[in-house]
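*Asks:* Quick one: the structure is below, and I'll ask about it shortly.
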Amino acid sequence: MERERESTERAASLVVRAEEAERVPLPHGGAFVLLADGGDTGGALGANRLLLGPGADGARPHLHRRATELFHVLGGTMWFTLDGRTARVGAGGLVVVPPGVPHSFGAVRGSTADVLAVLTPGVDRFGYFRALGRIQSGQEPFSVLLPEQDRYDVHFVASPGEAAAD
């Protein structure tokens with residue numbers, strides 16, 4: 001995967017064409033489309049596109065200690081649980097989650113979802129998304145991510161009836 005970069009005095013520019021982006025398959029026709037990792041942007045941000053099949057979960061409850069996460073729903077309808085409150089957000093909608101706020105999300109039952117996610121500051125998370133692809137396809141257990149929570153700034157929180165993972 002070759003990416004175009006143009007250096008300036010401030011930072012390097014990044015161009016990622018659709019055909020150059022790595023695609024990590026998920027069950028039910030979904031995928032992560034890996035656009036920019038933290039190292040690609042000098043730590044400024046990370047960006048990926050998430051495609052979810054009908055009613056598919058996108059993420060279990062977690063928080064980011066350092067990063068703010070922005071979601072722009074490009075298509076379909078999603079649910080977001082933010083600090084215990086759930087909202088439905090359709091195409092064109094925006095959700096911003098500050099550091100420390102527990103959140104989870106997915107496609108609304110009967111709907112697919114297409115969402116652009118941007119985290120800032122950026123850390124290298126492509127390995128995390130690849131692991132999630134293997135986990136969701138049954139190739140690895142979820143527990144492989146538990147020791148990596150600090151590395152990826154993704155800290156799993158307990159759902160009702162679960163023990164905290166952190």
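The values are calculated or read from the model by the stated rules, or taken from the named source; none is laboratory data. Quantities reported herein were computed from a predicted structural model and do not represent experimental measurements. When we count neighbours, we look across all protein chains shown, and the Cβ atoms used for this are built from the backbone with ideal geometry, even at glycine. These area figures cover heavy atoms from the full protein model, side chains too; ligands, DNA and RNA do not enter into them. Shrake-Rupley method; radii C 1.70, N 1.55, O 1.52, S 1.80 Å.
*Asks:* Rounding to the nearest 10 and keeping the result within 0 to 90°, find how far the Cα-based axis of helix 126-136 lies from the longest principal axis of the chain.
*Replies:* The angle comes out at about 30 degrees.
*Asks:* Quick one: compute the contact order of the chain, relative version, from alpha carbon pairs under 8 angstrom and 6+ residues apart, as a percent.
*Replies:* Reported relative contact order: 24 percent.
*Asks:* Then there is this: Starting from the amide H of Gly93, placed 1.01 Å from N in the peptide plane, find each other amide H under 5 Å away whose residue is 5 or more places distant or on another chain.
*Replies:* For Gly93, the qualifying residues are Val73.
*Asks:* For Gln139 and Val101, what does the FRET efficiency come to when R0 = 45 Å and r is the distance between their Cβ atoms, rounded to the nearest 0.05?
*Replies:* Efficiency, from the Cβ-Cβ distance: 0.90.
*Asks:* Which percent of the accessible area of the chain is formed by carbon and sulfur heavy atoms (probe 1.4 angstrom)?
*Replies:* After summing per-atom areas, the C and S share lands at 52 percent.
*Asks:* State the answer as a single residue: which of Ala56, Ala44, Ala12 lies farthest towards the positive end of the charge dipole of the chain, with beta carbon charges of +1 for Lys and Arg and -1 for Asp and Glu, about the Cα centre.
*Replies:* Positive-end residue among those listed: Ala56.
*Asks:* Which whole-Hz ³J(HN,Hα) couplings does the range 48-61 yield from phi under the Karplus relation 6.51 cos²θ - 1.76 cosθ + 1.60, θ = phi - 60°, glycine and proline marked x?
*Replies:* For the range 48-61, the Karplus-derived couplings read 8, 10, 10, 10, 10, x, x, x, 6, 6, x, 7, 6, x Hz, x marking Gly and Pro.
*Asks:* Using a 10 angstrom Cβ neighbour count of at most 14 plus a DSSP loop assignment to flag exposed GluC sites (Glu not before Pro), which longest range of the chain is free of such sites?
*Replies:* Longest run free of exposed loop sites: 10-161.
*Asks:* Go through the range 1-110 and name the trypsin sites (Lys or Arg not before Pro) that are in a DSSP coil and have 10 or fewer other Cβ atoms within 10 Å of their Cβ.
*Replies:* Arg10, Arg17, Arg109
*Asks:* Taking H placed 1.01 Å from N in the peptide plane, check which residues at least 5 places from Leu45 or on another chain put their amide H under 5 Å from its amide H.
*Replies:* Result for Leu45 returns Gly122.
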